[in-house]
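Below is one structure, written out as structure tokens, with a few remarks after it.
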Amino acid sequence: MIDETITKAIVEQVAEALIFATVDGKIALWNRGATLLFGFDRDEATGQSLDLIIPPHLRNAHWAGFDAAIRTGQLKLNGKPTLTRALHKTGRKLYVEMSFALVEADHGILGSVAVARDVTERIERERAGAAR
């Protein structure tokens, strides 16, 4: 059995951004990968709405999907990664590949966890090549 110390170390040291949000969309877990990707320190992000990293034009769609997943217990993409846009602390728009899972316990859904990686350079390179 893996103890809590090892679990915490894995969460903190994994290269990808790992974000857990409660059912009301508030950030409750933000690892070092999330800080590196989005620019916000853990203390800045924890307790904030996920709107912190969601571009304004995508918020309505995000919240519709988030609320539906929390309500029904079903994810639209069943955990498959998806390409989306996100915001860096500086306001710079990022391309991120994210996958999502619902976090459940005996008494129901606790929230959602997202794993994200920055793919901005790859997407911009691909789009520059396609434009030629």
Where a Cα-Cα gap under 23 Å defines reach, which lysines qualify for LYS89, not counting those fewer than 8 residues away within the same chain? LYS26
Gain in length, ASP41 to THR90, computed as 0.36 nm per residue apart minus the alpha-carbon separation, to one decimal in nm? 16.4 nm
Structure-derived Kirkwood radius over Cα pairs in Å - corresponding label in (1) 15.6; (2) 16.2; (3) 14.4: (1)
Enumerate the aspartates and glutamates that LYS93 could reach by cross-link, defined here as Cα to Cα under 20 Å, with residues fewer than 8 away along the same chain left out. GLU16, ASP41, GLU44, ASP51, ASP118, GLU121, GLU124, GLU126
Here the relative contact order (percent) of region 1-71, from C-alpha pairs under 8 Å and at least 6 apart, is 22
Determine, from the Cβ-Cβ distance of ILE10 and LYS80 and an R0 of 22 Å, the FRET efficiency 1/(1 + (r/R0)^6), rounded to the nearest 0.05. 0.45
Could you work out how far apart the two model spin labels at ALA130 and LEU52 are, taking each label as a point 7 Å from the Cα in the direction of the beta carbon, and quote it in nm? 3.2
Under the rule of at least 5 residues apart or a separate chain, name every residue whose amide H is placed under 5 Å from the amide H of VAL119. TYR95, VAL96, GLU97
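Here, each number is a calculation from the coordinates, and none is a lab measurement. The structure displayed is predicted, hence computed values, not measured ones. With ideal geometry, Cβ positions are generated from the backbone for all residues, glycine too; neighbour counts draw on all protein chains shown.
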